[in-house]
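Quick notes on the structure that follows.
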Amino acid sequence: MQLRVMTERDIAAGMRLKELAGWNQTEADWKRFLRAGRDGCFAAEEDGQVCGTAVTIDYGGRFAWVGMVLVDSDFRGRGIGTRLLERCIEYLDSIGVPCIKLDATPLGKPIYEKLGFVTEYKLERWILKRAPASLSRGADTAEPMPAPLLDFVMKADGEAFGADRSAILRSVNEDEPRFTDGLWNAGGMEGYAFGRHGSFADHLGPWIAKDASTGQRILEQFLAQSSRETVVTDCLQANLFAKTLLQARGFEYARPLTRMFRGRNDFPGCPELVCSILGPEFG
(Lines give C-alpha, C1' and ligand atoms only; values in the text may rest on other atoms or scores of the structure.)
Protein backbone atom coordinates (compact mmCIF):
# COMPACT_ATOMS: atom_id res chain seq x y z
CA MET A 1 0.00 0.00 0.00
CA GLN A 2 1.34 3.44 -0.93
CA LEU A 3 0.23 6.99 -0.20
CA ARG A 4 0.38 9.51 -3.01
CA VAL A 5 -1.02 12.89 -4.02
CA MET A 6 -4.56 12.67 -5.30
CA THR A 7 -5.37 13.95 -8.82
CA GLU A 8 -8.52 14.52 -10.86
CA ARG A 9 -8.04 11.03 -12.34
CA ASP A 10 -8.90 9.72 -8.85
CA ILE A 11 -12.27 11.48 -8.58
CA ALA A 12 -14.16 8.41 -9.80
CA ALA A 13 -12.44 6.35 -7.09
CA GLY A 14 -13.26 9.01 -4.50
CA MET A 15 -16.89 8.94 -5.59
CA ARG A 16 -16.92 5.16 -5.17
CA LEU A 17 -15.62 5.46 -1.60
CA LYS A 18 -18.06 8.18 -0.60
CA GLU A 19 -20.96 6.17 -2.08
CA LEU A 20 -19.91 3.19 0.01
CA ALA A 21 -19.98 5.48 3.06
CA GLY A 22 -23.40 6.91 2.12
CA TRP A 23 -22.10 10.48 1.95
CA ASN A 24 -23.65 13.34 -0.04
CA GLN A 25 -20.66 14.84 -1.90
CA THR A 26 -20.49 15.20 -5.68
CA GLU A 27 -17.76 15.30 -8.31
CA ALA A 28 -17.94 19.10 -8.08
CA ASP A 29 -17.00 18.88 -4.39
CA TRP A 30 -13.98 16.68 -5.14
CA LYS A 31 -12.86 19.26 -7.71
CA ARG A 32 -13.19 21.99 -5.08
CA PHE A 33 -10.84 20.07 -2.77
CA LEU A 34 -8.29 19.57 -5.52
CA ARG A 35 -8.42 23.21 -6.64
CA ALA A 36 -8.09 24.46 -3.06
CA GLY A 37 -5.27 22.19 -1.92
CA ARG A 38 -4.02 19.82 -4.61
CA ASP A 39 -0.65 19.14 -2.95
CA GLY A 40 -2.43 18.32 0.31
CA CYS A 41 -4.95 15.81 -1.05
CA PHE A 42 -3.90 12.18 -0.69
CA ALA A 43 -4.95 8.73 -1.87
CA ALA A 44 -4.01 5.34 -0.46
CA GLU A 45 -3.50 2.80 -3.22
CA GLU A 46 -2.94 -0.94 -3.25
CA ASP A 47 -2.46 -3.04 -6.39
CA GLY A 48 -3.67 -0.14 -8.52
CA GLN A 49 -6.88 0.37 -6.52
CA VAL A 50 -7.59 3.49 -4.47
CA CYS A 51 -8.66 2.23 -1.05
CA GLY A 52 -8.58 5.46 0.95
CA THR A 53 -8.59 9.26 0.69
CA ALA A 54 -7.98 12.35 2.82
CA VAL A 55 -7.94 15.98 1.70
CA THR A 56 -6.73 19.27 3.19
CA ILE A 57 -7.50 22.94 2.57
CA ASP A 58 -5.28 25.77 3.83
CA TYR A 59 -7.48 28.74 4.72
CA GLY A 60 -5.07 31.61 4.19
CA GLY A 61 -2.46 30.39 6.65
CA ARG A 62 -4.78 30.92 9.63
CA PHE A 63 -5.84 27.30 9.89
CA ALA A 64 -6.30 24.30 7.63
CA TRP A 65 -9.08 21.79 7.19
CA VAL A 66 -8.95 18.00 6.92
CA GLY A 67 -11.87 16.20 5.32
CA MET A 68 -13.04 13.27 3.22
CA VAL A 69 -11.16 10.71 5.31
CA LEU A 70 -12.52 7.57 3.67
CA VAL A 71 -11.35 3.96 3.70
CA ASP A 72 -12.85 1.11 1.69
CA SER A 73 -14.59 -1.27 4.11
CA ASP A 74 -12.57 -4.18 2.70
CA PHE A 75 -9.36 -2.46 3.82
CA ARG A 76 -10.36 -1.26 7.29
CA GLY A 77 -8.56 -2.36 10.42
CA ARG A 78 -5.14 -1.96 8.80
CA GLY A 79 -4.40 1.59 9.94
CA ILE A 80 -4.91 3.16 6.52
CA GLY A 81 -7.10 5.98 7.84
CA THR A 82 -4.55 6.82 10.52
CA ARG A 83 -1.71 6.83 7.98
CA LEU A 84 -3.68 9.18 5.74
CA LEU A 85 -4.33 11.51 8.66
CA GLU A 86 -0.68 11.47 9.67
CA ARG A 87 0.27 12.31 6.07
CA CYS A 88 -2.15 15.27 6.12
CA ILE A 89 -0.69 16.52 9.41
CA GLU A 90 2.85 16.08 8.14
CA TYR A 91 2.05 18.10 5.02
CA LEU A 92 0.27 20.90 6.89
CA ASP A 93 3.07 21.11 9.47
CA SER A 94 5.58 21.36 6.62
CA ILE A 95 3.88 24.47 5.20
CA GLY A 96 3.66 26.11 8.62
CA VAL A 97 -0.08 26.01 9.27
CA PRO A 98 -0.53 26.84 12.99
CA CYS A 99 -3.86 25.09 13.46
CA ILE A 100 -5.60 22.09 11.88
CA LYS A 101 -9.36 21.59 12.16
CA LEU A 102 -11.84 18.86 11.29
CA ASP A 103 -15.32 17.59 12.13
CA ALA A 104 -15.24 14.15 13.73
CA THR A 105 -17.81 11.39 13.86
CA PRO A 106 -18.10 9.51 17.17
CA LEU A 107 -16.14 6.64 15.58
CA GLY A 108 -13.31 8.91 14.46
CA LYS A 109 -13.07 11.13 17.54
CA PRO A 110 -10.84 8.79 19.63
CA ILE A 111 -8.44 8.45 16.70
CA TYR A 112 -8.15 12.22 16.31
CA GLU A 113 -7.62 12.64 20.05
CA LYS A 114 -4.62 10.30 19.87
CA LEU A 115 -3.19 12.58 17.18
CA GLY A 116 -3.47 15.66 19.41
CA PHE A 117 -6.88 17.05 18.44
CA VAL A 118 -9.15 18.54 21.11
CA THR A 119 -12.83 19.52 21.09
CA GLU A 120 -13.88 23.02 20.06
CA TYR A 121 -17.68 22.54 20.02
CA LYS A 122 -20.45 20.09 19.15
CA LEU A 123 -22.44 19.81 15.92
CA GLU A 124 -25.57 17.92 14.90
CA ARG A 125 -26.74 16.66 11.51
CA TRP A 126 -30.44 17.39 10.87
CA ILE A 127 -32.44 15.92 7.98
CA LEU A 128 -35.74 16.95 6.39
CA LYS A 129 -37.79 14.50 4.33
CA ARG A 130 -40.52 16.10 2.21
CA ALA A 131 -43.35 14.67 0.14
CA PRO A 132 -43.08 15.54 -3.59
CA ALA A 133 -46.45 17.31 -3.47
CA SER A 134 -45.14 19.76 -0.86
CA LEU A 135 -42.20 21.01 -2.93
CA SER A 136 -42.07 24.50 -4.39
CA ARG A 137 -42.51 24.81 -8.15
CA GLY A 138 -41.42 28.43 -8.35
CA ALA A 139 -37.80 27.90 -7.37
CA ASP A 140 -36.37 29.32 -10.62
CA THR A 141 -37.76 32.81 -9.95
CA ALA A 142 -34.96 33.93 -7.59
CA GLU A 143 -32.46 36.46 -8.92
CA PRO A 144 -28.71 35.82 -8.47
CA MET A 145 -27.07 38.04 -5.86
CA PRO A 146 -25.35 41.06 -7.46
CA ALA A 147 -21.54 40.96 -7.33
CA PRO A 148 -21.11 43.92 -4.92
CA LEU A 149 -23.51 42.32 -2.43
CA LEU A 150 -21.80 38.95 -2.81
CA ASP A 151 -18.50 40.66 -1.95
CA PHE A 152 -20.18 42.04 1.17
CA VAL A 153 -21.28 38.54 2.16
CA MET A 154 -17.76 37.18 1.61
CA LYS A 155 -16.33 39.78 3.97
CA ALA A 156 -18.92 38.91 6.62
CA ASP A 157 -18.18 35.21 6.20
CA GLY A 158 -14.48 35.77 6.79
CA GLU A 159 -15.38 37.23 10.18
CA ALA A 160 -17.89 34.51 11.07
CA PHE A 161 -15.72 31.59 9.92
CA GLY A 162 -12.40 33.03 11.06
CA ALA A 163 -10.66 32.91 7.67
CA ASP A 164 -11.18 33.69 4.00
CA ARG A 165 -12.93 30.84 2.18
CA SER A 166 -14.40 33.02 -0.55
CA ALA A 167 -12.98 30.89 -3.39
CA ILE A 168 -14.99 27.87 -2.24
CA LEU A 169 -18.13 29.90 -1.53
CA ARG A 170 -17.94 31.57 -4.94
CA SER A 171 -17.73 28.14 -6.53
CA VAL A 172 -20.77 27.01 -4.53
CA ASN A 173 -22.63 30.16 -5.58
CA GLU A 174 -21.76 29.63 -9.25
CA ASP A 175 -23.18 26.10 -9.16
CA GLU A 176 -26.44 27.15 -7.50
CA PRO A 177 -26.90 30.94 -7.14
CA ARG A 178 -30.56 30.53 -6.12
CA PHE A 179 -29.44 29.18 -2.76
CA THR A 180 -27.26 32.22 -1.98
CA ASP A 181 -29.15 34.63 0.25
CA GLY A 182 -28.35 37.56 2.50
CA LEU A 183 -30.02 40.01 4.86
CA TRP A 184 -28.46 43.30 5.91
CA ASN A 185 -29.36 46.76 7.15
CA ALA A 186 -27.58 50.06 7.71
CA GLY A 187 -25.72 48.49 10.61
CA GLY A 188 -24.26 45.67 8.52
CA MET A 189 -24.87 42.01 7.75
CA GLU A 190 -27.71 40.33 9.63
CA GLY A 191 -27.32 36.88 8.08
CA TYR A 192 -26.66 34.87 4.94
CA ALA A 193 -26.70 31.35 3.55
CA PHE A 194 -25.33 29.20 0.73
CA GLY A 195 -26.40 25.77 -0.45
CA ARG A 196 -25.36 22.84 -2.62
CA HIS A 197 -27.03 20.08 -4.58
CA GLY A 198 -25.61 16.86 -3.14
CA SER A 199 -25.89 13.39 -4.59
CA PHE A 200 -29.05 12.55 -2.61
CA ALA A 201 -29.97 15.79 -0.79
CA ASP A 202 -29.74 19.57 -0.93
CA HIS A 203 -27.32 20.84 1.70
CA LEU A 204 -27.92 24.10 3.58
CA GLY A 205 -24.75 25.77 4.79
CA PRO A 206 -23.22 27.96 5.86
CA TRP A 207 -26.32 29.41 7.48
CA ILE A 208 -25.46 32.49 9.54
CA ALA A 209 -27.92 34.62 11.51
CA LYS A 210 -27.74 37.14 14.33
CA ASP A 211 -31.19 36.25 15.70
CA ALA A 212 -34.13 33.90 15.31
CA SER A 213 -36.16 36.15 12.99
CA THR A 214 -33.24 36.47 10.57
CA GLY A 215 -32.56 32.75 10.81
CA GLN A 216 -36.20 31.94 10.03
CA ARG A 217 -36.30 34.24 7.01
CA ILE A 218 -33.17 32.65 5.58
CA LEU A 219 -34.30 29.08 6.29
CA GLU A 220 -37.71 29.68 4.68
CA GLN A 221 -36.08 31.16 1.58
CA PHE A 222 -33.73 28.20 1.22
CA LEU A 223 -36.53 25.66 1.55
CA ALA A 224 -38.59 27.57 -1.03
CA GLN A 225 -35.70 27.41 -3.50
CA SER A 226 -34.90 23.73 -2.89
CA SER A 227 -36.82 21.23 -5.01
CA ARG A 228 -35.32 18.08 -3.49
CA GLU A 229 -37.25 15.77 -1.22
CA THR A 230 -34.31 15.54 1.19
CA VAL A 231 -32.51 18.49 2.80
CA VAL A 232 -29.58 18.20 5.24
CA THR A 233 -27.77 20.71 7.42
CA ASP A 234 -25.12 20.55 10.17
CA CYS A 235 -26.22 22.74 13.07
CA LEU A 236 -24.26 23.96 16.09
CA GLN A 237 -25.56 22.12 19.13
CA ALA A 238 -25.41 25.32 21.20
CA ASN A 239 -27.58 27.31 18.78
CA LEU A 240 -30.99 26.72 20.35
CA PHE A 241 -33.01 28.99 18.07
CA ALA A 242 -31.61 27.30 14.95
CA LYS A 243 -32.61 23.87 16.23
CA THR A 244 -36.05 25.19 17.16
CA LEU A 245 -36.51 26.55 13.62
CA LEU A 246 -35.41 23.24 12.09
CA GLN A 247 -37.76 21.23 14.26
CA ALA A 248 -40.66 23.55 13.41
CA ARG A 249 -40.12 22.83 9.71
CA GLY A 250 -39.99 19.06 10.21
CA PHE A 251 -36.24 18.41 10.36
CA GLU A 252 -35.19 15.45 12.48
CA TYR A 253 -31.95 14.91 14.38
CA ALA A 254 -29.68 12.38 12.66
CA ARG A 255 -26.25 12.15 14.30
CA PRO A 256 -23.61 14.07 16.29
CA LEU A 257 -20.33 15.55 15.10
CA THR A 258 -17.51 17.20 17.04
CA ARG A 259 -15.47 20.12 15.72
CA MET A 260 -11.88 19.55 16.78
CA PHE A 261 -8.59 21.35 16.38
CA ARG A 262 -4.87 20.72 16.78
CA GLY A 263 -2.46 23.57 17.47
CA ARG A 264 -3.22 27.23 18.24
CA ASN A 265 -6.85 28.15 17.62
CA ASP A 266 -6.17 31.88 17.23
CA PHE A 267 -8.97 32.49 14.73
CA PRO A 268 -12.14 30.80 16.02
CA GLY A 269 -14.44 33.15 14.12
CA CYS A 270 -17.86 33.90 15.63
CA PRO A 271 -19.54 30.55 16.37
CA GLU A 272 -22.35 32.39 18.19
CA LEU A 273 -23.56 33.56 14.75
CA VAL A 274 -23.42 30.12 13.13
CA CYS A 275 -26.67 28.23 12.71
CA SER A 276 -25.13 25.63 10.37
CA ILE A 277 -21.66 25.09 8.93
CA LEU A 278 -20.71 24.80 5.25
CA GLY A 279 -20.23 21.07 5.84
CA PRO A 280 -17.95 18.64 7.67
CA GLU A 281 -15.80 18.34 4.56
CA PHE A 282 -15.13 22.09 4.26
CA GLY A 283 -15.68 23.57 7.72
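Assorted remarks:
- Filter pass, GLY283 being of a type in the set (Gly, Ala, Ser), touching an Asp or Glu at 6+ places or on another chain (Cβ under 8 Å) and buried (at least 22 other Cβ atoms within 10 Å of the Cβ): yes
- Hits in region 100-123 - residues which are more than 17 Å from PHE161 (Cα to Cα), surrounded by 13 or more Cβ atoms within 10 Å (Cβ to Cβ) and hydrophobic (A, V, I, L, M, F, W, C): ALA104, ILE111, LEU115, PHE117
- Residue that is farthest from ARG16 (Cα to Cα) [pool: residues in region 55-86 that are among the β-branched types (Val, Ile, Thr) and in a helix (DSSP H, G or I)]: THR82
- The strands (runs of 3 or more DSSP E) falling completely within region 159-266 that include 1 or more residues that are open to solvent by less than 20 Å² (accessible area, probe 1.4 Å) and at positive phi map to 188-197, 202-209.
- Test: residue in region 75-90 that is within 24 Å of ARG255 (Cβ to Cβ), surrounded by fewer than 24 Cβ atoms within 10 Å (Cβ to Cβ) and charged (D, E, K, R): yes
- Qualifying residues in region 23-54 (those that are in a loop (DSSP other than H, G, I, E, B) and open to solvent by 50 Å² or more (accessible area, probe 1.4 Å)) - the one farthest from ARG78 (Cα to Cα): TRP23
- Candidates in region 57-69 are the residues that are open to solvent by 10 Å² or more (accessible area, probe 1.4 Å) and not β-branched (Val, Ile, Thr); of these, the one that is nearest to LEU34 (Cα to Cα) is ASP58.
- When ASP211, ASP234, ASP157 are screened for being at pLDDT 95 or above, out of contact with any helix residue (DSSP H, G or I) (no Cβ under 6 Å at 6 or more places or on another chain) and farther than 26 Å from LYS101 by Cβ, only ASP211 passes.
- Evaluation of PRO144 against the conditions (1) under 19 Å from THR230 (Cα atoms); (2) in contact with a helix residue (DSSP H, G or I) (Cβ under 7 Å, 6 or more places away or on another chain) shows that the sole unmet condition is (1).
- Of all residues in region 267-283, those satisfying the criterion of being part of a loop (DSSP other than H, G, I, E, B) and touching a Pro at 6+ places or on another chain (Cβ under 7 Å) are ILE277, LEU278.
- Residue check for VAL97: part of a loop (DSSP other than H, G, I, E, B) and open to solvent by less than 30 Å² (accessible area, probe 1.4 Å): yes
- Contacts under 6 angstrom Cβ, first residue in region 1-22 being touching a residue at least 12 places away in the same chain (Cβ under 8 Å), partner open to solvent by 70 Å² or more (accessible area, probe 1.4 Å), 6 or more apart: LEU3/ARG87; ILE11/GLU27
The values are calculated or read from the model by the stated rules, or taken from the named source; none is laboratory data. Remember, it's a predicted structure, so these values are computed and weren't measured experimentally. Cβ: placed from backbone, ideal geometry, glycine included. Neighbour counts: every protein chain shown. The area values use the complete protein model at the heavy-atom level, side chains included, leaving out ligands, DNA and RNA. Shrake-Rupley method; radii C 1.70, N 1.55, O 1.52, S 1.80 Å.
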